[in-house]
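Values quoted throughout were computed directly from the atomic coordinates according to the rules given, and no laboratory measurement underlies them. Please read these numbers as outputs of a predicted model, since none were measured by experiment. All Cβ positions, even for glycine, are placed from backbone atoms using ideal geometry, and neighbour counts span all protein chains on display.
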Amino acid sequence: MATTSATVVSRTERECVRAAGLLALGAAGAVVLLWAGSFPGWPLAAGVVFSVLVIAGVLLVSGVVPPAPARWLRPLGVVAAVVVVVVGGVLVERSAGGALEARFTASRPAFEALVADSGPVPRTVADHWLPFPGTCPTQLGSYRIAECHAFTGGFMFLQERDALSDDAGFAYAPHGLPAKGEQALSANGFTHLDGPWYAWSCRC
């Protein structure tokens, strides 16, 4: 009888650890969502990490059905983890790009300094990327930069991390968004940040 009781206690302890693990995975998932939301285009890395967290959660949930004293812990852990992830996702959605705006605001001085040294934006109509009139840095604020381009009426700074929507980055368009004839960019891919600055994702 003592052995049976000890086994039940041991299983209960394991279920407590399992529930705590699920909650931790949920918190990690929420952090990943918030981090991904701070980019103009969600990084592929965020999708990979989130998928790994989901798989880890499935593995934690699977297994032998616990004894009665601990049976409620597992579903409680699942519910708590889901709630944490959903709350994180809602915060990203309801903030209307708040994570992106906050991170860009902190990095904006570096972007502003670069465009100030790059001269006027090109006004020539072109259906392709134009050469960037300066040296393209690998880092602007907290963002890693892969490429710098010019387009009709502005500059584009593409993020280094591959985005789920392919190319993504920040656009500087002091005279407004590209004209309708500018085919290098998808006009519906712009999200206004502040002043002449936009987040851009090709959504292709």
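At a glance:
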{"quantity": "Distance cut-off 21 Å, percentage of C-alpha pairs in the stretch 99-201 lying past it", "calculated": "25 percent"}
{"quantity": "Order of Tyr143, Tyr172 - criterion: other Cβ atoms within 10 Å of each residue's Cβ, fewest first", "calculated": "Tyr172, Tyr143"}
{"quantity": "Cα-projected label distance for Asp166 with Val125, points at 7 Å along beta-carbon direction, nm", "calculated": "2.4 nm"}
{"quantity": "Gain in span if fully extended, Gln139 to His192, counting 0.36 nm per residue against the direct Cα distance", "calculated": "16.9 nm"}
{"quantity": "Nitroxide proxy distance, nm - points 7 Å out along Cα→Cβ at Ala113 and Ala146", "calculated": "2.5 nm"}
